[in-house]
Amino acid sequence: MVRDENLNTGRFVAHENLRKAQEKMILEGIDVLSSDGFLFAAAPTGIGKTAASLASALEIARSKDNPKQIIFLTGRQSQHRIVVETIKRINSKLSIDNSEIKVVDLIGRESMCEEVDRITGKCSCEDNIVEGSKQKRREDLKDLILLSPKHVDDVIKIGRKKKICSWSAARSAVKECDILVCDYNHIFVENISENSLTAMKIDLENTILIIDEAHNLPDRIRNGLERRAIVKIFRDSRLEIEEYLARTEKTVKKLDLSEIEDNFEIVEIKKSHRQMKKLENEMKKWYKKKEAELTKLGKNDMKIETTEFTSAISSIINEDLDIQNDVNYSNLKNLVNQLYRVRVEQEDGDEKETASTRLADLISITIEYLHNNALVLVFDLLADEGRVRSFLLDPGVVSAPIFSRTSGAILMSGTLFPPEMYADLLQIPKNRKITMTEYESSFLSEKRPVLIAKNVTTKYTERGHNNTENVRHHILAVINNTPGHIAFFSPSYALMEDVLGDCSWLPGRIKIIDEEKRMSKSRVNGIIQELHKFRRDGTQVLLSGVLSGKLAEGVDYPNNILDAVICLGLPLAPPSARQDALKEYYVERFGNNKAWRYTSTQPAINSILQALGRPIRKSADRAIVILLEKRILMRQFKSCLPASIHTFEAPDHDRTARLTKNFFRRNPEPAIEGE
């Protein structure tokens, strides 16, 4: 649609023509951010949400009365490039009285620096550069970054060519930029954000956040506090302290600082070493006791009290120190601090987290959440070894104080549904303005029909030969009536293998590409290239993966490379101690109905929504989606679907075949850019 000049969409619109939903999002963003509020935008692919969010945020951030900085948070490097390109377009349309937008694009240090020494924390980017010229080179690179919007890959290339650290230069440029593009971790993971915000001189109170793919934020925050420890961690930590002690003694002796026996640092390391020896022996018994309890219960895992685990370690340490009562865990905290000081030389020079750091992290987290049921500990078995894992149930305990400090935020995603669920989970301050909108796409209902099969399910009690055969018939109906590539996503690798079997039932002409466990990013990119190659060759591909896996989430399939997506079943979270604790916690916070939806039905549906969003990246794209699960038609699941999704029902595979054939007859293959 053509932009309505009567509506004030601001000075920072990237496109001449605005879609109705995009225009609405810009206006709502300006309105809510002008009150330091929060916009939850359930915005499907293709409406231009990146440009809309930037237009809104820049309009408020560039206010003469109270200028602000914008931080655009995204977990995908492909989105980094989209943001930078959008800012370039905005700059090209600015009037002469508006200065150009300065942007810094930042990723992890390991990806920007050539090598980082784990012990010293220094990188090798500036090796062999005369000290006197380093500062001048850094300033030059900083000025170049701010001169015009640049993608981080371009900054890295320039830095390496000039023999200067692009990571350091980029961080020094942040205080002078309008927009910082970076990962969620810089704001929402405590041990990273503390260093990042201070080093980059970011004033969170004067910052607007734009959070892309915001449906991922609760789990990203939870993952930030997930730690695990098998009993071997106590032995490994003790060995690391021994090595650290020997190296420290050698250094002290070499420098002749004082008598080794009287050196305070060495005395403290020896004390920690003695405590770790005792912990190694006594925690073996504790783990064995827990393994026996688990066997007696006949379960795969069990919840353990945070106080039990922490007190067990504290008691062992205090016994060694002959201390009867240490209610504040001061001695345990001293040990944690000493564990953090341990440095271990790596023979291969690789970045490796020490066992001492991992153990210190787990203990410090349990102390922090000692009397807070937002964090739970779970004991299970890894192979035949007992394991303790920490899980944060409530991401809001981390995000609430952060959002309270900001000058507002736009949280957006194609699957930010329902928006109120994410506002609840993230504990958005209720005393500030909150707008929640599900934006409609003008083309998705026609270009991406969703078909639900009524005669198949993955419900355990109804699985069997006939059900599997019906699933296969639906898959064949899609393959035989689709001109191009098809993605097939299953709730698990086991179900994927069960349905596909030896693939002898599939047409011989089709090429199978399977998702592998723990796939690398380069392999994922390689698969995208293979899909393009096979399309050029006229070979049809069945891409098979798992819901919530790498191929079903977070991967863009450009140029309409997928013609159809088939999703099998409902990826409901399996029973576990963690899931039980999560549901119990949310029942207490939100009541039974919301607890069930927030922990079970909605996450399962949102996982499917992520998968069905893969093939449509722009308005010209088209694809058909087939959901092989009759339970989706039940009220508790269907109510979790966005109202904008129009579904069709297929009682059998013949209907699936007809609907698929008719769809591609009405929507022939669009012209492909660059092919």
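The values are calculated or read from the model by the stated rules, or taken from the named source; none is laboratory data. Bear in mind that the values here come from a model prediction, so they are computed numbers and not experimental data. Neighbour counts run over all protein chains shown; Cβ positions are idealised from the backbone, glycine included.
The sole residue among Asp105, Asp154 that is surrounded by 13 or more Cβ atoms within 10 Å (Cβ to Cβ), out of contact with any helix residue (DSSP H, G or I) (no Cβ under 8 Å at 6 or more places or on another chain), under 19 Å from Gln79 (Cβ atoms) and modelled with pLDDT of 90 or more is Asp154.
Answer with yes or no whether Asn328 is surrounded by 15 or more Cβ atoms within 10 Å (Cβ to Cβ), free of Cβ contacts under 8 Å to residues at least 60 places away in the same chain, farther than 20 Å from Phe234 by Cα and not acidic (Asp, Glu).
Working: surrounded by 15 or more Cβ atoms within 10 Å (Cβ to Cβ): no; free of Cβ contacts under 8 Å to residues at least 60 places away in the same chain: yes; farther than 20 Å from Phe234 by Cα: yes; not acidic (Asp, Glu): yes.
It is false that Asn328 is surrounded by 15 or more Cβ atoms within 10 Å (Cβ to Cβ), free of Cβ contacts under 8 Å to residues at least 60 places away in the same chain, farther than 20 Å from Phe234 by Cα and not acidic (Asp, Glu).
The residue list Thr468, Thr458, Thr437, Thr415 contains one member that is at pLDDT 95 or above, within 25 Å of the chain's Cα centre (by Cα) and of a type in the set (S, T, N, Q), which is Thr437. Answer with yes or no whether Asp621 is in the same structural domain as Thr461 (by TED's automatic domain parsing), charged (D, E, K, R), on the phi < 0 side of the Ramachandran plot and at pLDDT 95 or above. When the stated conditions are applied, Asp621 does not pass them.
Would you point out which residue out of Arg138, Arg160 is among the charged types (D, E, K, R), surrounded by fewer than 21 Cβ atoms within 10 Å (Cβ to Cβ) and in contact with a helix residue (DSSP H, G or I) (Cβ under 6 Å, 6 or more places away or on another chain)? Before the answer, list the steps.
Numbers: Arg160 fails: in contact with a helix residue (DSSP H, G or I) (Cβ under 6 Å, 6 or more places away or on another chain).
That would be Arg138, the only listed residue that is among the charged types (D, E, K, R), surrounded by fewer than 21 Cβ atoms within 10 Å (Cβ to Cβ) and in contact with a helix residue (DSSP H, G or I) (Cβ under 6 Å, 6 or more places away or on another chain).
Quick check on my filter: what residues within the stretch 448-475 are assigned to a helix (DSSP H, G or I) and either among the hydroxyl-bearing types (Ser, Thr, Tyr) or outside the structural domain of Leu570 (by TED's automatic domain parsing) (or both)?
Answer for the stretch 448-475, where residues must be assigned to a helix (DSSP H, G or I) and either among the hydroxyl-bearing types (Ser, Thr, Tyr) or outside the structural domain of Leu570 (by TED's automatic domain parsing) (or both): Tyr460, Thr461, Thr468.
Within the stretch 121-136, residues that are at pLDDT below 85 reach partners that are assigned to a loop (DSSP other than H, G, I, E, B) with beta carbons closer than 6 Å, at six or more positions or on different chains, in the pairs Ile129/Lys163; Lys134/Glu126.
Is there a residue in the stretch 428-437 that is in the same structural domain as Gly75 (by TED's automatic domain parsing), within 30 Å of Ala564 (Cα to Cα) and surrounded by 20 or more Cβ atoms within 10 Å (Cβ to Cβ)? Within the stretch 428-437 (the criterion being in the same structural domain as Gly75 (by TED's automatic domain parsing), within 30 Å of Ala564 (Cα to Cα) and surrounded by 20 or more Cβ atoms within 10 Å (Cβ to Cβ)), the answer is no, since none of the residues qualifies.
Answer yes or no as to whether Ala595 is farther than 23 Å from Asn470 by Cα and of a type outside the set (Lys, Arg). Yes, satisfied. When every residue of the stretch 54-63 is checked against the conditions, at least one turns out to be free of Cβ contacts under 8 Å to residues at least 12 places away in the same chain and over 25 Å from Pro615 (Cβ atoms).
In the stretch 476-491, which residue that is in a loop (DSSP other than H, G, I, E, B) and buried (at least 17 other Cβ atoms within 10 Å of the Cβ) is nearest to the chain's Cα centre (by Cα)? Give the derivation first.
Going residue by residue through the stretch 476-491, those that are in a loop (DSSP other than H, G, I, E, B) are 480-484, 491.
From what is left, the residues that are buried (at least 17 other Cβ atoms within 10 Å of the Cβ) are 481-482, 484, 491.
Details: Asn481: 36, Thr482: 33, Gly484: 30, Pro491: 19 Å.
Filtering the stretch 476-491 for residues that are in a loop (DSSP other than H, G, I, E, B) and buried (at least 17 other Cβ atoms within 10 Å of the Cβ), the one nearest to the chain's Cα centre (by Cα) comes out as Pro491.
Somewhere in the stretch 76-99, is a residue more than 27 Å from Asn206 (Cα to Cα) and either of a type in the set (D, E, K, R) or without any contact (Cβ under 8 Å) to a residue 12 or more places away in the chain (or both)? No, the stretch 76-99 has no match at all.
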